[in-house]
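Data block below; observations after.
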């Protein structure tokens, strides 16, 4: 093997045949582009809007039992979301890398915590995932690999959490894959979540962040449990066939209940042809109607 160049310090050889280092710098402060899927990253989606979610029967039943008052329970006020909240939350992100103090080699990329999500550490030093019987946590366990200039992370050992902020849940057996794709000052995260308990197919979503010059703080003040009106032994929920919002999407937008209740079929464009005869255009849009009149 013939060397093309020797560094001035004589310590680094750039030789023909050595692969180029693919790892690129993702560090910095990134603001969220919240106009994408604005309901997901704003006030949250409509109650019982399960369109496009590849539910099985267990996942749908779990979602229909959900009452928003659950997050006001004293035991849940300070509970964090799972790492899937990275894909559907409202906040920007701050990214940095951790290095080995002896070699200087990058061993992990960290997406800092925010007030409702634990820190997200992507280990790229080759360490294995824990045993399937190892404890789960809000942080989960994540490893990553570079493929060219794209970092792909794989997360296991998450706790049960929200897939969509209206009661759609993923189980603690779910795994999450995210591709980090950098285009100039834009960072796209393309993700899918696999869940053998509640889903029949992977659930896909993407989002974009933009680089900002201002330094973004990471972390939040300690959470303090307060009284939000839910009794300590009360667990707000809806019994089977008692959820009052199952017709919400039909009343507001004319979307047939069958479509609003989700399922893998509802995620595909061809499904529109199947239900087009059931769709009735509402006389007036009264909620989440887009831009104001005249814009």
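If you go through the stretch 69-78 one residue at a time, do you hit one that is modelled with pLDDT under 90, under 14 Å from the mean Cα position of the chain (by Cα), farther than 21 Å from residue 199 by Cβ and exposed (fewer than 15 other Cβ atoms within 10 Å of the Cβ)? No - not one qualifying residue is present in the stretch 69-78. Restrict the check to the stretch 172-191 and report whether at least one residue is in contact (Cβ under 8 Å) with a residue 60 or more places away in the chain, touching a helix residue (DSSP H, G or I) at 6+ places or on another chain (Cβ under 7 Å) and closer than 19 Å to residue 84 by Cβ. Taking every residue of the stretch 172-191 in turn, at least one turns out to be in contact (Cβ under 8 Å) with a residue 60 or more places away in the chain, touching a helix residue (DSSP H, G or I) at 6+ places or on another chain (Cβ under 7 Å) and closer than 19 Å to residue 84 by Cβ.
The set of residues in the stretch 134-144 being under 19 Å from the mean Cα position of the chain (by Cα) and farther than 17 Å from residue 113 by Cβ consists of 136, 143, 144.
Go through the stretch 45-84 residue by residue and tally those that are over 16 Å from residue 202 (Cβ atoms) and not in a loop (DSSP other than H, G, I, E, B). Residues that pass the stated criteria total 14. Being out of contact with any helix residue (DSSP H, G or I) (no Cβ under 9 Å at 6 or more places or on another chain), at pLDDT 90 or above and buried (at least 16 other Cβ atoms within 10 Å of the Cβ) is a condition met by no residue of the stretch 215-228. Pairs meeting the criteria (first residue in the stretch 131-160 and at positive phi and touching a residue at least 60 places away in the same chain (Cβ under 8 Å), second residue assigned to a loop (DSSP other than H, G, I, E, B) and surrounded by fewer than 19 Cβ atoms within 10 Å (Cβ to Cβ), beta carbons under 6 Å, at least 6 apart or on different chains) are 148/22. Residues of the stretch 163-183 being in contact with a strand residue (DSSP E or B) (Cβ under 8 Å, 6 or more places away or on another chain) and outside any strand (DSSP E or B), which ones? Within the stretch 163-183, 166, 167, 172, 174 meet the criteria. Of the set (1) touching a strand residue (DSSP E or B) at 6+ places or on another chain (Cβ under 9 Å); (2) buried (at least 17 other Cβ atoms within 10 Å of the Cβ), all apply to residue 90 but (2). Got at least one residue in the stretch 144-162 being within 27 Å of residue 59 (Cβ to Cβ), at pLDDT below 95 and in a strand (DSSP E or B)? Yes, that holds for at least one residue. Checked against (1) within 23 Å of residue 37 (Cα to Cα); (2) assigned to a loop (DSSP other than H, G, I, E, B); (3) at pLDDT 90 or above, residue 188 passes all but condition (2).
The values are calculated or read from the model by the stated rules, or taken from the named source; none is laboratory data. Values in this document were obtained by computation on a predicted structure and should not be read as measured data. Here the Cβ is made from the backbone with ideal geometry for all residues, glycine too, and neighbour counts use every protein chain on show.
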